[in-house]
Structures are given as C-alpha cells and as structure tokens.
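Trainee: If you scroll down you'll find the structure; I have some questions about it.
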Amino acid sequence: MQIDPHSPIGVFDSGVGGLTVVRALMERLPFENIVYFGDTARVPYGVKSVETISHYTTQIAEFLLEKQVKLLIIACNTMASVAAQQVHALSPVPVLDVIDAGAAGAVAATRNKQVGIIGTPTTINSNAYAQAIHCRDPEVRLYSQACALFVPLVEEGWLEHPVTRLTAQDYLKPVLAQNVDTLVLGCTHYPLLIPLLQDVAGPGVRLIDSAQAMGERTAALLKEKGISNPNREKPRYDYFVTDVPVRFQTIGERFLGRTLPNVHVVKW
Ligand code: DGL
C-alpha cells in the first residue's frame, strides 16, 4: 500500500489521557497533522471486559483508518494490553503502542532493578508490562498495582484534589514499600497526575511516562518508512470524541497549553 506522507497520524485513547501522547508528538513533530479519537462516552475502559475493550478498539481503529491516517498510535495501555495484535492485523498502515515504550524506559532507568507499575485493572491483569520488561531484562523485579480510580479522577479534572492525593497514597503504599526506584505510569491518563504522584512517591523514585517516549519512536518510524510530512506549514489537528466535549475541552486545553479548536462529536 502506498502511504501518503501528507496524511495525518491517528492517535486514540478511551478519553483525555491520549492527549499526553499528542503533546509529545506536537513537540517532537511540529509539522505532522494529527487526528485524535477519545471515546469520552464509554471511558473508563480499564474496568471493562477484554471482549468489550477489543470490540471498541476495532471500532475506533476502523474509524481512524477511514480518515486515511498514515500511522495508528494506540495511546491507551488498556487497549494495547488486550487488543494490540488485533489492531496490527486489521491495519494496512504501521501501528505503534505505548506499552513497549514504557517498558524500554523502565529498564533503562532502574538502578536497583526494583520497578513498580501502575495501570488500570485490565492492563495490570494482562501482564503485558511484565512480559515487555522481562523480554528486555529478566532480572527486574516488578511490583504492580491496579489503580481503578485514577482514570475517573483525571477525567473529572481532579488533578491536585485532596481526594486524588489520598487515593494515590493508598495505591502507592505497597509498591513504595518494596523500595522501587522506578515507577511506570502504565496508563496514558496518569501523566496528568505527575506533580501529585512525584510528590507522593518522593524524589528518589523516577516516574516513567511512556507517552513521552512515543514522540521519539514515532519520529524514527516515519523516517524509516519515508513518510514524514514534507510540508513545513502549520499542521491541522482534529479531535473526535463520542460525548459532549465540555470537560474534554477544558482538561485538554489545560494540559496541551493551547486551544482545542476542531473538536467534533461522533454519534455511534
Ligand atoms: N488511558 C487509558 C490507559 O492508558 C485509560 C484506560 C481507561 O479508560 O480506563 O490505560
């Protein structure tokens, strides 16, 4: 298949969390057009069954492929942990996901080989991070914790709220008790909580934000495939959501540090 380098990059998540990947792409690849999909009507995914998540994932990937994207980025650990293979199988364009990037970052960062992983219940139960990390370094000891409440708290915009702080203290306690020196944010919603999580974890723990690493990975892939956008003009960004985007817009604008002009509601 001939891929048009002018086509946008398709990025998707269950809600606002994937914007952490979009921000990394905007910074690293300032001339690339981006189409973002956030399934705001059905978030959170991380507490749903594998069958349901797989079905939603296929639906979103097909939607973005119809928009003629040149690359698909699964900016959601939950979808990547249970449905990455399926997206690879249906996509005629390359596919990247956040899990591999997070695993590589953790292995590179840890000194004492004690690594904590936090994510949604689905991501933690899938064992996808353990596999990705142990492929790289079987000696790393992993301590994982499902944090089901973080996604709704982030979607609510409670990024510095006392309730979020108490929740974080409770979730992180058993992981921090293992002397981890590295903590993988195994959910793209969590980078929005970085100031709070760093405060709770303490300065000795390095937080790994897989969204950050995606900027580099995407740049490398576009170059390798020869599909970087040759235009040096202001790119177009479009955001598709499945529910009235009031909070999406507020949280998104705060996070991206820019306005979200082209937000469209998709009715399924
Ligand atoms: N941002 C998604 C992830 O990385 C959140 C999943 C959810 O909707 O629960 O896992």
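Trainee: Taking all protein chains as present, what is the carbon and sulfur share of the accessible area of region 4-103, in % to the nearest whole number, probe 1.4 Å?
Mentor: Carbon with sulfur: 51 percent of the solvent-accessible area.
Trainee: Using a Debye calculation, one point per C-alpha and no hydration shell, please list log10 I(q)/I(0) for region 5-80 at q = 0.22 Å⁻¹ in order.
Mentor: -0.95
Trainee: So with the 1.4 Å probe, I'd like the accessible area per residue for region 118-268, rounded to whole Å². Walk me through the numbers before you get to the answer.
Mentor: Details: 7590 Å² over 151 residues.
Here the residues of region 118-268 average 50 Å² of exposed surface.
Trainee: Now, a different point. How many percent of the accessible area of region 192-263 is carbon or sulfur, using a 1.4 Å probe?
Mentor: The C+S portion of the solvent-accessible surface of region 192-263 is 50 percent.
Trainee: Additional query: Report, to the nearest 10°, how far helix 162-176 tilts away from the longest principal axis of the Cα atoms in the chain, using its own Cα long axis and a range of 0 to 90°.
Mentor: Result, in degrees: 70.
Trainee: With no solvent and one equal point scatterer per Cα, compute the Debye intensity ratio I(q)/I(0) for region 141-209 at 0.11, 0.13 Å⁻¹ and report its log10, rounded to two decimals.
Mentor: Taking Cα atoms of region 141-209 as identical point scatterers yields -0.22, -0.31.
Trainee: Of LYS113/LYS223; LYS70/LYS113; LYS113/LYS173, which pairs sit farther than 30 Å apart, going by alpha carbon to alpha carbon?
Mentor: LYS113/LYS223; LYS70/LYS113
Trainee: Wrap a convex hull around the Cα atoms of region 186-268, take a quarter of its surface area, and give that in square nanometres.
Mentor: With every direction weighted equally, the projected area is 8.3 nm².
Trainee: Taking a quarter of the surface of the Cα convex hull of region 113-268, what do you get in nm²?
Mentor: Working: hull surface 47.1 nm².
Projected over every direction and averaged, the Cα hull of region 113-268 covers 11.8 nm².
Trainee: Considering only protein heavy atoms, with the full assembly of protein chains and a 1.4 angstrom probe, order CYS187, CYS135 by accessible area, largest first.
Mentor: CYS135, CYS187
Trainee: Please state, to two decimals, what the Cα-based radius of gyration of the chain comes to when divided by 2.2 N^0.38 Å (N = residues).
Mentor: Output field value: 0.95.
Trainee: Same structure, new question: Could you give the longest part of the chain that holds none of the trypsin sites (Lys or Arg not before Pro) found in DSSP loops with at most 12 neighbouring Cβ atoms within 10 Å?
Mentor: 112-231
Trainee: Determine the principal axes of the Cα atoms in region 33-172, then give the extent along each, sorted from largest to smallest and rounded to whole angstroms.
Mentor: 44, 37, 31
Trainee: Another question, then. Determine the calculated [θ] at 222 nm for the chain from helices alone, applying -39500 (n - 2.57) to every DSSP H run no shorter than 4 residues and normalising by the residue count; nearest 500 deg cm²/dmol.
Mentor: -14000 deg cm²/dmol
Trainee: Under the Kirkwood approximation applied to all pairs of distinct alpha-carbon atoms, what is the hydrodynamic radius of region 70-150 in Å?
Mentor: 13.3
The values are calculated or read from the model by the stated rules, or taken from the named source; none is laboratory data. If you're wondering where the values come from, they're calculated on a predicted model, not measured in any experiment. Cβ: placed from backbone, ideal geometry, glycine included. Neighbour counts: every protein chain shown. Note: areas computed on protein heavy atoms with side chains; ligands, DNA, RNA excluded. Shrake-Rupley method; radii C 1.70, N 1.55, O 1.52, S 1.80 Å.
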